[in-house]
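Quick notes on the structure that follows.
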Amino acid sequence: MTESVPQQSRQSAADEWLRTLPCRIGQIFVDRTAEGAFALRHRDDVNREDLAVYRDAEAAVAIAQYDDAGVYRPLKTAPNLRHGWSLMLADVTAVRVALDLFYPGRIPAYVAWRRGTLKTTPLRETLERQTGMYRVTAKITDEQANELVGSFCRSDGGCLRTIRWDRDIQGAPPSTLLPETKFDPAHDQMGKGEPVIPLLCQEPCNLLVAEARKVVKGSAE
Amino acid sequence: MASDFGSSGLLIVGHGSTVNPDSSAPSLSHAAEIRRRGIFGDVQCCFWKEEPSMRDALLMFQEGGIKEVYVVPNFISEGYFTQTVIPRELELSGRTTERIDGQVWNFCEPVGNHRSMTELLLERAREVAPGVPESEMSLLIVGHGTNLNDNSAIAAKREVEAIRQLGRYAAVLNTYMEEAPLISDWAKLTTTPHVVVVPFFIADGLHSYEDIPVLLGIEAAPSGSASERQRAGEVFRHNPHHLHGRSLYYASAIGTDARFADVIVEQVESFARDQHSISDNFARGLVA
Ligand code: SF4
């Protein structure tokens, strides 16, 4: 016997934060309209009136795909979310679908962190797990890793996530080149000093792993 | 459908790309379609090269009382990804993995293994060349080469063999982009007035928008001016192409077919069915 669970119930734990609106997550501003709907837009666009309006949560896929210059965004938490749009959604379920598409995997990470169950994985462990063409990344030196993370993950121009992982099992910092605020979930990585729901990084991403490969390959030549 | 998946999650695993959005597009649209049907308690995607990653997926399905998660690889065949990368990243220890919290993750077969692939390829051919008599048509299935660390070439051969057995087409052939029989030799490989080309790929992308059209001779080397998307629309809209005195019909990648959503659901159902029959047999064994 399996009991059937209504779709709505999966919201209860995750979306209590949507009760206190407006709220900000990454570069997105979420507010309630006079009609009781939800409105999402770029945080830079809060006072703009000339926004293109979308009403389907799945529109987030297309909005998040390219930056203002039309360049593909391989990293959805990079600080280059497109401007000029507004997404009007009827209910919390739709908001959740949209945010999962704008910032894939970030809400589950946030929920786990709030519950105190977010498991983080050190950079060294991620690199040592690799196979195939990425196995070589395990050879990156601490100095190289320090430099790579310091430039690739930085909030101004790199990635807006708050890093929660360490460099290794001994707890070395990911990079001494990053400010302390890069590791602080209370800090607004967009630099506006506003209260935000943080985009947490619980494990080095595959883009960083691919960069590590370039570093190791480059130094071998 | 015998099973109730209301307390089950569905996780579609795709390859994804750091260069363009086309690789993940079919997985996302199949997920949206399945979500609309309301079969599962939760439907999510994850990717090797895109977000959310497989590691991110480990944090999903924590809400709403999800007891079981079905993992369906949106891949053409078993291979490096289904056998090494996915189990490693998702921490799967076999067909069934129980997490510390008791949640069970079921590892289903890749979509390309599904028996309906043959029918979908035939459908694609019919749609791209409507009304063309099959007896005057050669069907070319384009696959990745055998040099890749996977079995996609074997899967493509299996499909070609199955279609050939039907005896409906004048000819059915396997072709590849970089090894013989080369897709660029299509005119030499075939003798019929009509030739239909279907890529046996999970997603469109540079291969289907650019490389294969160039190899077929229906497009000059890319100028770089038009966006990929525009080129894609063009390349699939101009069927048939008249070349070498033949009519050439070129289809988009098989994995973009909306019916792949059904295939994904069926991979889950067939896993659940197998599991039940195993436990039924076990129960019968006990009684006997
Ligand atoms: S490792 Fe984390 S912080 Fe660094 S770029 Fe990747 S997602 Fe951003």
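The values are calculated or read from the model by the stated rules, or taken from the named source; none is laboratory data. Quick caveat: nothing in here was measured; it's all calculated off a predicted structure. All Cβ positions, glycine included, derive from the backbone under ideal geometry; neighbour counts span all protein chains shown.
Data for the structure
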| read-out | value |
| --- | --- |
| Selected residue (criterion: surrounded by the fewest Cβ atoms within 10 Å (Cβ to Cβ)) from residues of the stretch B:181-219 that are part of a loop (DSSP other than H, G, I, E, B) and small (Gly, Ala, Ser) | B:Gly217 |
| Single residue of the stretch B:66-106 satisfying the filter (in a strand (DSSP E or B) and within 15 Å of B:Ser27 (Cβ to Cβ)) that is nearest to the other protein chains (Cβ to nearest Cβ) | B:Tyr70 |
| Residue in the stretch A:70-84 that is within 27 Å of B:Pro21 (Cβ to Cβ), within 13 Å of the chain's Cα centre (by Cα) and of a type in the set (Phe, Trp, Tyr) present | no |
| Cross-chain or 6+ apart pairs with Cβ under 8 Å, the stretch B:30-52 first and within 8 Å of chain A (Cβ to nearest Cβ), then basic (Lys, Arg) | B:Gly41/A:Arg10; B:Asp42/A:Arg10; B:Glu51/A:Lys76 |
| Some residue of the stretch B:132-147 being in the same structural domain as B:Asp204 (by TED's automatic domain parsing) and more than 27 Å from B:His241 (Cβ to Cβ) | yes |
| Unmet requirement for A:Ala60, which otherwise passes all of (1) more than 23 Å from A:Gly157 (Cα to Cα); (2) in contact with a helix residue (DSSP H, G or I) (Cβ under 8 Å, 6 or more places away or on another chain) | (1) |
| Single match in A:Arg82, A:Arg41 (criterion: assigned to a strand (DSSP E or B) and closer than 28 Å to B:Glu33 by Cβ) | A:Arg41 |
| Residue check, A:Val97 within 14 Å of another protein chain (Cβ to nearest Cβ), within 16 Å of the chain's Cα centre (by Cα) and under 28 Å from B:Thr18 (Cβ atoms) | yes |
| Residue count for the stretch A:56-77, restricted to those that are within 16 Å of the ligand (Cβ to nearest atom) and surrounded by 19 or more Cβ atoms within 10 Å (Cβ to Cβ) | 5 |
| Breaking point among (1) touching a residue at least 24 places away in the same chain (Cβ under 8 Å); (2) at the interface with chain A (Cβ under 10 Å from one of its Cβ atoms); (3) out of contact with any Cys (no Cβ under 6 Å at 6 or more places or on another chain), for B:Glu63 | (1) |
| Of residues in the stretch A:116-140 being touching a residue at least 60 places away in the same chain (Cβ under 8 Å) and assigned to a loop (DSSP other than H, G, I, E, B), the one surrounded by the most Cβ atoms within 10 Å (Cβ to Cβ) | A:Ile140 |
| Which listed residue is outside the structural domain of A:Arg213 (by TED's automatic domain parsing) and touching a Gly at 6+ places or on another chain (Cβ under 7 Å), from A:Thr93, A:Thr77 | A:Thr77 |
| Set A:Pro204, A:Pro185, A:Pro195: member being in a loop (DSSP other than H, G, I, E, B), touching a residue at least 12 places away in the same chain (Cβ under 8 Å) and crowded, with 20+ Cβ neighbours inside 10 Å | A:Pro204 |
| Residues (acidic (Asp, Glu) and free of Cβ contacts under 8 Å to residues at least 60 places away in the same chain) located in the stretch A:148-182 | A:Asp166, A:Asp168, A:Glu180 |
| Residue in the stretch B:1-58 that is nearest to A:Leu200 (Cα to Cα), counting only those that are in a strand (DSSP E or B) and of a type in the set (Gly, Ala, Ser) | B:Ser53 |
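For (1) buried (at least 19 other Cβ atoms within 10 Å of the Cβ); (2) closer than 26 Å to A:Leu127 by Cα, each residue gets a yes or a no:
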{"residue": "B:Lys49", "(1), (2)": "no, yes"}
{"residue": "B:Arg55", "(1), (2)": "yes, yes"}
{"residue": "B:Gln62", "(1), (2)": "yes, no"}
{"residue": "B:Arg95", "(1), (2)": "no, yes"}
{"residue": "B:Arg99", "(1), (2)": "no, yes"}
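Results for (1) of a type in the set (Phe, Trp, Tyr); (2) more than 14 Å from every other protein chain (Cβ to nearest Cβ); (3) away from the ligand (no atom under 12 Å from the Cβ); (4) over 21 Å from B:Val85 (Cα atoms), shown as yes or no for each residue.
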| residue | (1), (2), (3), (4) |
| --- | --- |
| A:Gly105 | no, no, no, no |
| A:Arg114 | no, no, yes, yes |
| A:Lys119 | no, no, yes, no |
| A:Ser151 | no, yes, no, yes |
| A:Thr162 | no, yes, no, yes |
| A:Met190 | no, yes, yes, yes |
